[in-house]
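Written out below as structure tokens is the structure these notes cover.
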Amino acid sequence: IDIFTKNNDLMTNLSDLSFANNNLASLYLYSFPESYRNKALQHAKKANEIALKIDRTEHIASSYGIISSIYQANNDPNTAIFYLLEAKEALHKSSVFDRNIELNIYESLVDIYAQQGNFQEALKYQKEYLALFKTLYDQDKLAITKKLEADFDKERHQQKLIKLQLESDKNEHQIALM
């Protein structure tokens, strides 16, 4: 980040800076003592600021998710929920995004609401999680099935080609014997 800042005129891809800030925030949050949470929050907010400026949906959602995790670790579940819902909203503004991020958001919402004893909201997001998971699983199954069918068809065509080649060779050999 320091290198990026010092060479701001050369570093034109702000997406890299947003990504680096998100990664640092995550590193400080999950790999350092609690005393580094403010540093994690600082980097997550910087990542979010940049991502909003350049409209990078996944970076926006990721930074909101990290901010939410920080507030959850600081025993502020309401603020954590707020940022998770912001992350969800950011994702849904884009037509293309990683659906696994959405799964993580639902899972976190379920955990927070269950810890609060708000089982109705926890159940609501658990159902959304399961519906999305089923959709993704079905899509994966369909893709695997199509690939297996294509592989089978390819193998069958290759076997047919080999059979035709053998018949052709056999016919040539018989003609040569005449």
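Key figures
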quantity	calculated
Residue within region 86-106 that is over 30 Å from LYS39 (Cβ atoms), not polar (S, T, N, Q) and not in a helix (DSSP H, G or I) present	yes
Residue match in region 145-162 (condition: under 19 Å from the mean Cα position of the chain (by Cα) and charged (D, E, K, R))	no
Scan of region 136-170 for residues that are without any contact (Cβ under 8 Å) to a residue 24 or more places away in the chain and open to solvent by less than 80 Å² (accessible area, probe 1.4 Å), ordered by number	ASP138, ALA143, THR145, ALA150, ASP151, ASP153, SER168, ASP169
Filter pass, ALA80 being surrounded by 19 or more Cβ atoms within 10 Å (Cβ to Cβ) and either in contact with a Cys (Cβ under 7 Å, 6 or more places away or on another chain) or modelled with pLDDT under 95 (or both)	no
Per-region count, region 29-62, residues surrounded by fewer than 17 Cβ atoms within 10 Å (Cβ to Cβ), under 17 Å from ASP76 (Cβ atoms) and in contact (Cβ under 8 Å) with a residue 24 or more places away in the chain	1
Filter pass, ASN75 being over 24 Å from the mean Cα position of the chain (by Cα), outside any helix (DSSP H, G or I) and exposed (fewer than 13 other Cβ atoms within 10 Å of the Cβ)	yes
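The values are calculated or read from the model by the stated rules, or taken from the named source; none is laboratory data. On a predicted model such as this, the values are computed, not experimentally measured, just so you know. For neighbour counting, all protein chains shown are included, and Cβ atoms are generated from backbone atoms with ideal geometry for every residue, glycine included. Note: areas computed on protein heavy atoms with side chains; ligands, DNA, RNA excluded. Shrake-Rupley method; radii C 1.70, N 1.55, O 1.52, S 1.80 Å.
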